[in-house]
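The values are calculated or read from the model by the stated rules, or taken from the named source; none is laboratory data. All values derive from a computational prediction rather than experimental measurement. Every residue, glycine among them, receives a Cβ derived from its backbone with ideal geometry; neighbour counts consider all protein chains shown.
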Amino acid sequence: MEKRQVNPWTWQDQFGFSQAWRVDGAQSIVFVSGQGPMSPEGQLVGAGDFEAQTRQTLENLGAVLSDAGASFEDVVKVNLYLTDIANLRDFSRIKGEYISGPQPASTAVGVTGLAIPGMMLELEAVAAV
């Protein structure tokens, strides 16, 4: 499999994402449902604490990717939903600890609410393995 980052410009680097990824020869594509800050028992983690919620969400994403035979290195696209778009820079900083190097193609959307009361973010991902 060959993955190639596609960035006709450089401005997106400061925001921690790529414009696109071209993937040739992938054996599998993993589509991950929206992950949130939930414990393995299904309880909200980090009520009111954006950093704690972000870390739990990324840990959950890592667990799902692992069970699917993928890793953070395989992620080529993420969709992020935030109840406060002002948290985007903090999310990008924390995400950089989990996904190093060239960042996935990304979309961030501000929303008024999410499926579980108290959730401050939800993260979907696509991985090419």
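Would a scan of region 99-119 turn up a residue that is assigned to a strand (DSSP E or B) and among the β-branched types (Val, Ile, Thr)?
Yes, region 99-119 contains at least one residue that is assigned to a strand (DSSP E or B) and among the β-branched types (Val, Ile, Thr).
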### Query
Among the residues of region 51-72, is there at least one that is within 15 Å of GLY16 (Cα to Cα) and touching a strand residue (DSSP E or B) at 6+ places or on another chain (Cβ under 9 Å)?
yes
#### Entry: Pairs, first closer than 14 Å to ASP13 by Cβ in region 77-104, second of a type in the set (Lys, Arg), C-beta under 8 Å, six or more apart
GLN103/LYS95; PRO104/LYS77
#### Entry: Residues (in a strand (DSSP E or B) and over 21 Å from VAL109 (Cβ atoms)) located in region 1-56
GLU2, LYS3, ARG4, GLN5, VAL6, ARG22, VAL23, ASP24, ILE29, VAL30
### Query
Has region 26-42 got at least one residue that is of a type in the set (S, T, N, Q), within 18 Å of GLU97 (Cβ to Cβ) and modelled with pLDDT under 90?
no
#### Entry: Condition check for PHE50: under 13 Å from the mean Cα position of the chain (by Cα) and at pLDDT 95 or above
no
